[in-house]
Structures are given as structure tokens and as C-alpha cells.
Amino acid sequence: MVPDAANKADTFPKLLMRNAKSFGDRPAMRHKDLGIWQTWTWAQVLTEVRAYAVGLHRLGLKHGDTIAIVGSNRPKLYWSVMAAQMLGAIPVPVYADAVADELAYVLAHAEVRFAAVEDQEQIDKIRSVSERLPKLERMIYDEKRGLRDYDHAQLTSIDDLIKESKDAMANDASLGAKLDAGIAAGKGIDPSIILYTSGTTGTSKGVVLTGKGSINAAADTVAFDKLNEMDEALAYLPLAWVGDHYLNYAQGLVSGFCTACPESAETAMSDLREIGPSFYFAPPRTLEQLLTRVTIRMEDASRVKRWLFNYFIGVARRYGESILNRKPTPLKGRLLYALGNVLVYAPLKNVLGLSRVRVAYTAGEAIGPDLFAFYRSLGLNLKQLYGQTEAFLYVTAQPDGEIYSDTVGPACPNVDIRIAESGEVLFKSPGMFTGYFKDDAKTAEAMTADGYVKTGDAGFFDEKTGHLKIIDRAKDVGKLNDGTLFPPKYIENKLKFYPNIREVVAYGDKHDFVTVMLNIDLTAVGSWAERNNVVYASYQELAGHPLVYDMMEKHVAEVNRSLASEKVMAGAQIKRFLVLHKELDPDDGELTRTQKVRRGFIAERYAPLIKAFYDGSKEADISTEVTFEDGRKGTIAARVKIRDMKPVPVPVTEKAA
């Protein structure tokens, strides 16, 4: 019922009005503020957003204008998106943790006249680059703390704006009537939002999406996963990421489910337990962090609890997947799994806040098969999807009962996928973008002559399942000098399964062997150091500790054994590794804001280390510029050690094959 109704509404403001009428008393949004959950129904959200839109119009925002949205997941920033769309203006979300230079680029490129921001921090960042933003006229802010003594000539509180607008609407009914008429006249083919890409391969591009395309795409996946107004999701993903706009904003408005905003990024995981969502999305990095927390807690548990945990996790690995997929399972396995559910799986999911999850997805980058299997073995219906900003997220998704760790599913409803002769994945989809903002040349470059979008990813359809397999970024898949296939992401994901390893960057293309740079996970390795009386004063000191290198060597050796068992990958074993002296950081340009490795940039920045990898050096000096939280820059220098690995013999059966 909901998708059909959604298709009659071709803009998000029309959907909001529909939801206020159809689900008026149902919760639409929640927000934890000062430790207390606040809730707004769909009817209340419509009232607040209508007043907000009238206020923005009175300030001068008009059809076709762009307005930046800068901050974390807060109801009033989501309302900023809704209110702008009511006026036919175009919201442009920006990552809350973007440094001032990144903010300046997006705001200037998008030609924003207004900016709706979270707090003093965002206002200060924008003010610091104000000379680069000549078109910016006014900032509207949510959090008042720290702003009392600021010059408010160009600052307006969202709360004050809404209150003043409600008073004005009470005195002049035509204000609301004009707004409603404008909403009714809104066209689904007009730009609805501009989402900037993460910039993995260079400068961010503004992806222009329409309301009609976005709603049609969301309606297809709402039906696919049977989402409805009884569901609830936790909105903790960056507002500027396509995943949040699709999974929470678009699907929430199409289905009518409730979107809950955590108190802060730091409390998101504890807030997850309190909300207990039924629909959940987590990128692989978040799932890795959750597993790290579990592993650390179990290391500190009693011997009996550790034994129980390890034993029943083993049971889950043997029987969990078949039970989740309702496939024939031996009676002994069912009984052991049921006991494990009482003693381990259910309590563990409750601690993680996943007890009520009916549908869970992961995407953003490839997930390691072991990590994926761990969560599914607990009974969590975790699935994979593959998507891009240019597609408005979904290109493929795994249907219930057809879950494979090495595929991302078949094409989503109404999506057409084609594999180019080069192996690149091409697609057409209902929500696909209309182009890059102010960049016709890049738009043309991203499209084929017959209208398919080039993903830049290499993949193929698995003959057995018919599902799409993504190998890696097409430009990143290479070969060693002996012709061995080298997909770096595949190797990196095997290493990132270990809780002690936070990030990995693999190199080997056009070289004789594979090498990797590792980032330790400070929480996990710090906990290990405390238990083993290893004293350290900094991340750099811990990362370079000989015992930490010994730990990493064991992990690399295990991955090499895994690679040796795979005919295609046996020649891509890791021969040398090092542990980086600093964490890879988006502020330093080493990761995107969605935590994807910028491999080319890292190769340039750490060129002395890569040179040392391949000239046989046992150590190398490196000096790296770092950006502090307040925007200041400094330098960190270190002598990084390189450790060699012995190759694992390839099994005789593989040689024969």
C-alpha cells in the first residue's frame, strides 16, 4: 500500500503531508537530548516544518536557491532539508567533521546563500573562510550554546525562526496557504538535493538528484524489505552521505517509519541499545568496531565465560547460517544452537542493541567474509547491498534467503545492470542522478552513449547464483609482475577482520610481491597492552613496539595461509609489512569522509615507506604533516620498521589444479 501511495507523491514535501494525514499520531522522529528521548509525531513534524519553511521564505530563501546543511543527525537539520524542499530550494548537506577548507569548497561550489548549521563549532568554521563565500548571506543554527555574545546580524536561531513564523501564520493565514499551494505545484523532476561524493578519486562532485527519482527508488526498496510505519531506524550516519539520505530520510518518508537521532556520535552505540531499531544499517567499519568491543570484553571476562563464548560461537559458525535461512539442520545442531541462543547469542545481540532488528544492511565498502559470517551466525539478518551516490544508493541488494558473503545480490527492482567488456559495472536505475552540478564534462564522462552510468568498479555475475560480485575499484585491480591478480581491497578486508587492526593499505601492482601498511586499533591494542603490562606513552610508541609487531605478524601469517588455499590468490601473499606511526585520518586527506582509503594520495604521502618496501630496507624514516582538531597543522616524524614474512607453501591439490 505504501509504495503505491508514494508513487502518487513526486516530492518529499508531498510525502510529508501524506504521512501527517495517514500516520498523524505515529512517531516520526526521536532525539535524545540531555539524556531524555524527545518524540515528534508526523503531524507535529509537519507543523514545525511548515513554520520553518515560512520563516526561511521570509528571510529570502526562494525556489532554486541552494542551502547548506552542516552538522550531525538532529531533527532540526532534517527539518532544514524538508523546509528547503517545501520552497523548491535545494539542500546541500556537508559532512559535520569537514575541516574549514572542505566546507569552503562545497559551499562556494554549490553557490549557497544560506547555511543551516548545528552549533557554534560549525559557525566558527564557516566564518573562518567567509572571504571565500561571497554569496553566503545568513546562517541558521540549532544549538544556542556559546553564541550569546556573537553578532546576530547574519545569524538566526531555528527555534526563534519557527516561533516567529508560527505567530506570523496565526495572524496571516495566507502565509500557510501560499506555502501549501507551492508544495502542491512542486515538480518531481526538479532538483531535490545535491549530495557531494566522498572524493575517493579526487575532488568531490555535486550529484544532483530529483524528488521523483529518489521517491521511486526508495519505494522499490521499501517494498523489497517490507518496511512500514511500525519500523524504526537509528540515524547516526553522516547527513551528507547518500546512505543516510536514502535509508533514513527517503525510506522514512516513503514508508512512514520513525527515525531516531542519537544524542551525539559518541553515544550512538548506547543509544542504539535504548532504541532497539527494527531496520539497521552499519558500514563494515562500524561492525568491525562492535566486534572489537565484544572481543575486548571477553578478554577481560572469567575463564568460564570465555570458554562458553568461544564454544557457542563455534556452534554458531557451524549451524547459524542454515538455521537463519531455514535450511535443513541436524537435530543436534538445532539443540546446541538453541542453547547457545539462550546463553550467548541473544544476550550479545541485546548488549549490541540488535535484538529487534528485522532487516540489517552493510555497504560502503567490501566486508570481510569472516566478519559477515560472524553476525549472520548470531541470527542477525545482515545483508549486503551495492550502490553509489549517482544511483541514489541501491544498485543491488540481497533478497532474504539468498545471502552469500562474496556477492552483493542481484539487481534491485527496476535496475538494469550491464558488464562492460573491460569488466566495469554499468547501470540504469530509477533514482539515478541527472548530472554533476556545474560540471557537464564530468557528467558526460560518467555516462555511456546509451545512458548507463559507469561505476568505476570491476565486477561480474556469478554463474551459480546470478548475483553480482564486486572485485574492487576497476582502477585499483592490478597484477604482480608474474601476472598474479592483485585486488588490494580483498587482501585488506582479510586483515581488517582482526580486531587489533583498524586500517590496511595494500600495494603490489606492477611489483614482484605484495606489501601492506597497517594501522593498529588503539582501543583493542591498548587493552591488550594493559593486560600484558606493556607501557607506552603515545599511539606512535605503541604502534612501533616489538610485541605489537609480533602480534601483527601472526595476523599476516594467518591471512597468508588463507590466500595460499585459494588458487587465484596464492601468489598474492604478503611478503613485507609495517605498522604506520600515525592513524590514517580524513583531516589529513588519507581517508574520505566516509572512511574510504585514498590509495593514490597515501602512496604519494608515504612514498619513502613504499620505496623501502621494495628496495629491501629494514626500516625507513618518514615525516608527515598532521591536522589537529582545531585546524592547526603540525608534523610527526618516525623511523618505521619493516618486517619480512615467509611465504606459505601452496597445497599440492592447488598446484595440481
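Summary table
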quantity	calculated
Condition check for LYS428: modelled with pLDDT under 95 and not assigned by TED's automatic domain parsing to the domain that holds ASP190	no
Scan of region 233-251 for residues that are outside any helix (DSSP H, G or I) and of a type in the set (A, V, I, L, M), ordered by number	ALA233, LEU234, ALA235, LEU237, LEU239, ALA240
Single unsatisfied condition, GLU541 versus (1) part of a helix (DSSP H, G or I); (2) over 26 Å from TYR614 (Cα atoms)	(2)
Scope region 444-463; condition surrounded by 14 or more Cβ atoms within 10 Å (Cβ to Cβ) and either hydrophobic (A, V, I, L, M, F, W, C) or closer than 24 Å to GLY600 by Cβ (or both); matching residues	ALA446, MET447, VAL453, LYS454, THR455, GLY456, ASP457, ALA458, GLY459, PHE461
Residues that are out of contact with any Leu (no Cβ under 8 Å at 6 or more places or on another chain) and within 21 Å of GLY206 (Cα to Cα), drawn from region 52-64	GLY64
Test: residue in region 153-174 that is more than 22 Å from VAL45 (Cα to Cα) and modelled with pLDDT under 95	yes
Every residue from region 259-293 that is in contact with a Phe, Trp or Tyr (Cβ under 8 Å, 6 or more places away or on another chain) and surrounded by fewer than 18 Cβ atoms within 10 Å (Cβ to Cβ)	ALA265, GLU274
Inter-residue pairs, beta-carbon under 6 Å, first more than 19 Å from ASN493 (Cα to Cα) and buried (at least 21 other Cβ atoms within 10 Å of the Cβ) and in region 586-601, second modelled with pLDDT under 85 and among the charged types (D, E, K, R), 6+ apart	PRO586/ARG593
Index of the failed condition, SER72 passing every other in (1) among the small types (Gly, Ala, Ser); (2) part of a helix (DSSP H, G or I); (3) closer than 26 Å to GLU121 by Cβ	(2)
Residue match in region 294-305 (condition: touching a residue at least 24 places away in the same chain (Cβ under 8 Å), in contact with a strand residue (DSSP E or B) (Cβ under 9 Å, 6 or more places away or on another chain) and crowded, with 16+ Cβ neighbours inside 10 Å)	no
Residue selected from region 1-21 under the condition within 29 Å of ARG273 (Cα to Cα) and at pLDDT 95 or above, by the criterion surrounded by the most Cβ atoms within 10 Å (Cβ to Cβ)	ASN19
Subset of region 522-551 [within 30 Å of VAL650 (Cα to Cα), surrounded by 15 or more Cβ atoms within 10 Å (Cβ to Cβ) and either without any contact (Cβ under 8 Å) to a residue 60 or more places away in the chain or out of contact with any strand residue (DSSP E or B) (no Cβ under 9 Å at 6 or more places or on another chain) (or both)]	VAL548, MET551
Selection status of GLY466, surrounded by fewer than 20 Cβ atoms within 10 Å (Cβ to Cβ), at pLDDT 90 or above and touching a Pro at 6+ places or on another chain (Cβ under 7 Å)	yes
Residue identified as over 26 Å from the mean Cα position of the chain (by Cα) and surrounded by 19 or more Cβ atoms within 10 Å (Cβ to Cβ) among LEU87, LEU77	LEU87
Region 575-628, subset of a type in the set (Asp, Glu) and within 20 Å of VAL477 (Cα to Cα), residue nearest to the chain's Cα centre (by Cα)	GLU590
Odd one out for VAL556, checked against (1) under 29 Å from the mean Cα position of the chain (by Cα); (2) modelled with pLDDT under 95	(2)
Checking VAL359 against (1) in contact with an Asp or Glu (Cβ under 7 Å, 6 or more places away or on another chain); (2) under 24 Å from ILE296 (Cα atoms); (3) at pLDDT 95 or above, the condition it does not meet	(2)
Scan of region 325-337 for residues that are surrounded by 14 or more Cβ atoms within 10 Å (Cβ to Cβ) and among the hydrophobic types (A, V, I, L, M, F, W, C), ordered by number	LEU336
Region 505-521 - residue that is assigned to a loop (DSSP other than H, G, I, E, B) and in contact (Cβ under 8 Å) with a residue 60 or more places away in the chain and, of those, surrounded by the most Cβ atoms within 10 Å (Cβ to Cβ)	GLY508
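A quick yes/no check of all residues on (1) under 30 Å from ALA564 (Cα atoms); (2) assigned to a strand (DSSP E or B); (3) of a type outside the set (Val, Ile, Thr); (4) without any contact (Cβ under 8 Å) to a residue 40 or more places away in the chain:
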| site | (1), (2), (3), (4) |
| --- | --- |
| ALA441 | no, no, yes, yes |
| GLU445 | no, no, yes, yes |
| ALA458 | yes, yes, yes, yes |
| GLU463 | yes, no, yes, yes |
| GLY466 | yes, no, yes, no |
| LYS469 | yes, yes, yes, no |
| ILE491 | yes, no, no, no |
| GLU503 | yes, yes, yes, no |
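Every residue, every condition in (1) surrounded by 11 or more Cβ atoms within 10 Å (Cβ to Cβ); (2) in contact with a His (Cβ under 6 Å, 6 or more places away or on another chain); (3) at pLDDT below 95; (4) more than 14 Å from ASP585 (Cβ to Cβ), yes or no:
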{"residue": "LYS611", "(1), (2), (3), (4)": "yes, no, no, yes"}
{"residue": "ILE622", "(1), (2), (3), (4)": "yes, no, yes, yes"}
{"residue": "VAL626", "(1), (2), (3), (4)": "yes, no, yes, no"}
{"residue": "LYS633", "(1), (2), (3), (4)": "no, no, yes, no"}
{"residue": "LYS641", "(1), (2), (3), (4)": "yes, no, no, yes"}
{"residue": "LYS646", "(1), (2), (3), (4)": "no, no, yes, yes"}
{"residue": "VAL652", "(1), (2), (3), (4)": "no, no, yes, yes"}
{"residue": "LYS655", "(1), (2), (3), (4)": "no, no, yes, yes"}
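The values are calculated or read from the model by the stated rules, or taken from the named source; none is laboratory data. Note that the structure is a prediction, hence the values are computed from the model and not measured. Cβ sites come from the backbone with ideal geometry, for glycine too, and all protein chains shown count toward neighbours.
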